[in-house]
Structure formats: C-alpha cells, structure tokens
C-alpha cells in the first residue's frame, strides 16, 4: 500500500504530539510483531532479499508511528531500515520528511532525497510525491533550473505551483511567476503561500496591466485571504487604490499583532507614525519577544524615508547600540543568506550561507567588532584563519 503526500503531510502537520502510553505501546507491539514476522518469513532468503524485507518492515512501522505522532520512534525505525538497506527509497524519503519537520539542515534532506530518487522501486510512497518534494528543496537551495525539470508534467498541486512560481522568479521569469500565482489562486484559494511570496519583495511590483489585474483580484479576495494569513493586509497596502484603504490595512495588521519591520515602514510612509518611532520599532523591538531580527531591506527602506540629516544621525545612533541580528535576503525568497549578530552595536558573529542549504560557507567570530576567526568551507575544502593580537 502506498502513502499519498496528503496523508503524510497531515501526519507531519500534527507533530509533535503527546505520547500517551497506550498508543505508544500499540505502535511498539505492532512494529515488533511485523519485524519478527518479517525476520522469520525471510530467514531463508538471500542476504540482499532478507535485508530488503527487514527494511520494509521497519518502514511500515515508521509510517504507523508517524500516523500516531511519534516522530522519535519513527526516526529510529527509519534509521534501522537504512542500516539494512541504505538505498531504500521509502526509508530515505521518510528520513528527509522527518529531518525537515525537525529543522535539520536542508543539505541533509537533499542528500536523502537524491538517494531516494536514484532508481529503486517504492513500496509505500508515490515517486511523484518524492519528485515534488525534491523539486521544492531544489528551489530552496537556489537550483531553479533543476527544480523546473522535476516539476514538468506534474499534476496541478499546491506544492507544484508554489515551487514552480518560486523557480521562475529566481530565473527572472516574472510573467511566468505571475501566471502560476494567478492559477494557484484560482485552483487552491486556501493556500496563500504563492500570493504571499509574490507580494513579498524589496522593490515594488512593476506597474503593468497584468500585475494590476492580479492585484485587483487579490483586493476582492482580501478579507478571506487575510483570515488565512494576516500578512496579506500589510503586503497589499502599497498597492491600495486609496490612501484611506492603505491606512486601514496597515492599522489592521498592526492591531492584530503583526511584526514591526515592514509594517513600521508602511506606517511612516502613510503618516501613521513618525520616523523616530519607526526607528525604535525596528532596532529595539520588544525584549519579551526575543532577539530583534532586523531585515537589511527594511533598514534601507527606512533610511530612504527619513526627513533629513538629523533623522539619519538618530538612526545611526540607535544602530551604534543595536543588540540583535541583522539578516539579508538577497533574492526575496524568504530565506536569509547572511546573518550578523550584533552586541552593543558591534558585530559578534556572522554566517554566510549563499546556497541556503543550512550549511554556511563562511563563519566569522568577532571580538570588540574585530574578526578573530574565519572558517571557510566549499565542497570538501575547509579552511580556518585565526587572528591574534
């Protein structure tokens, strides 16, 4: 029996769940029974066939564990399966899904999926689902051409359309991106991700009839879309047909607890707050909410709105005492290539992950704002440079 992406996605969305002893015991008993039955049934088989069968029993148990919300148990069963059959496509597919759910590096999930797609036959999953997942990962690590190749010919699906739109944007095919976003909105109105990403950009959308047509449709659907993702209000504000509506959208978003950053910039632009309050929101934030994360694009946008030299000096003064993390998203895909931690206005550490695979190519440590250690990694090449006084 094969597991569809819909059922597997619903499993992962529910993780992690509590671990009531009754359900856990049921999983353990079921898995052990399957394992021992498989061991007996295939004891006389060849080593390869026996290992394949033993891997299959573990994969079956892992799927059952995931369906009940037991991620750790499922992960252990997957690792056991891979110890018997390292190239097993179902086990590698499950390992990638679990790693993604647990926030492991994208490079790890990518490697598992490359093994999963190497040619062996799936027993429990649809290979189309595996290719769609792999294409999504390729987009996230900036390999849009490869992603499009895997997406070609795939059935209409929210993941297919989202990944396809992102890939086309990375390739500079803005017409292709808009077309897919519009199609996704028509087919899957409950999934706002393509629209959110289309609107999320450091520079405004080009003014042309096709963009205007899609924006008009978004304003028609805005109340329902904003219920699913409140960012819809603040992202549509710059394109509102009237100042009154733009102000309403910004107020609505901020009243609902939306993050400062971009909303502070829009509030300044519309005269809802002054520039000094916006500076304070961007660079000081709320201590209870954790470290301040400052987007480079927001800092640049605010600097362009300042009234003069005095305001600019005020911004620089705040930055000289900044405690937080400055991040850069160079291609507006929602992932940060550069992260710099500041302490009292001085850099303390920096990471650069240009291909966004969660394995930085550069790590820098600072002391009093001066670099003391630089680690570089590219493929199998690693280098570390240390500075001494």
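The values are calculated or read from the model by the stated rules, or taken from the named source; none is laboratory data. In this text the structure is predicted, and so the values were computed from the model without any measurement. With ideal geometry, Cβ positions are generated from the backbone for all residues, glycine too; neighbour counts draw on all protein chains shown.
Tabulated results
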item: Filtered residues of the stretch 352-363 (kept if free of Cβ contacts under 8 Å to residues at least 24 places away in the same chain and buried (at least 17 other Cβ atoms within 10 Å of the Cβ)); result: 353, 360
item: When residues of the stretch 278-289 are limited to those that are touching a residue at least 12 places away in the same chain (Cβ under 8 Å) and assigned to a helix (DSSP H, G or I), the one nearest to the chain's Cα centre (by Cα); result: 282
item: The listed residue being surrounded by 15 or more Cβ atoms within 10 Å (Cβ to Cβ), modelled with pLDDT of 95 or more, closer than 27 Å to residue 270 by Cβ and in contact with a strand residue (DSSP E or B) (Cβ under 9 Å, 6 or more places away or on another chain), out of 327, 292, 338; result: 327
item: Verdict on residue 150 being over 30 Å from residue 352 (Cα atoms) and touching a helix residue (DSSP H, G or I) at 6+ places or on another chain (Cβ under 7 Å); result: no
item: Residue among 194, 204, 209, 260 that is under 23 Å from the mean Cα position of the chain (by Cα) and farther than 28 Å from residue 275 by Cβ; result: 194
item: Test: residue in the stretch 290-311 that is touching a residue at least 24 places away in the same chain (Cβ under 8 Å), assigned to a loop (DSSP other than H, G, I, E, B), closer than 30 Å to residue 224 by Cα and under 24 Å from the mean Cα position of the chain (by Cα); result: no
item: Residue 166 vs. criteria under 22 Å from residue 236 (Cβ atoms) and within 18 Å of the chain's Cα centre (by Cα); result: yes
item: Every residue from the stretch 85-111 that is surrounded by 19 or more Cβ atoms within 10 Å (Cβ to Cβ) and over 15 Å from residue 357 (Cα atoms); result: 85, 88, 89, 90, 91, 92, 93, 94, 95, 97, 98
item: Sole exception among (1) without any contact (Cβ under 8 Å) to a residue 24 or more places away in the chain; (2) surrounded by 17 or more Cβ atoms within 10 Å (Cβ to Cβ); (3) closer than 21 Å to residue 104 by Cβ for residue 379, by number; result: (2)
item: Residue count, the stretch 72-81 (criterion: surrounded by 20 or more Cβ atoms within 10 Å (Cβ to Cβ) and more than 13 Å from residue 53 (Cβ to Cβ)); result: 4
item: Residue within the stretch 166-174 that is closer than 21 Å to residue 227 by Cβ, touching a helix residue (DSSP H, G or I) at 6+ places or on another chain (Cβ under 7 Å) and in a helix (DSSP H, G or I) present; result: no
item: Members of the stretch 316-335 that are assigned to a loop (DSSP other than H, G, I, E, B) and in contact (Cβ under 8 Å) with a residue 12 or more places away in the chain; result: 320, 321, 322, 323, 329, 331, 332, 333, 334, 335
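To keep it simple, each residue is scored yes or no on (1) over 15 Å from residue 122 (Cβ atoms); (2) modelled with pLDDT under 95.
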| residue | (1), (2) |
| --- | --- |
| 38 | yes, yes |
| 49 | yes, yes |
| 80 | yes, no |
| 90 | no, no |
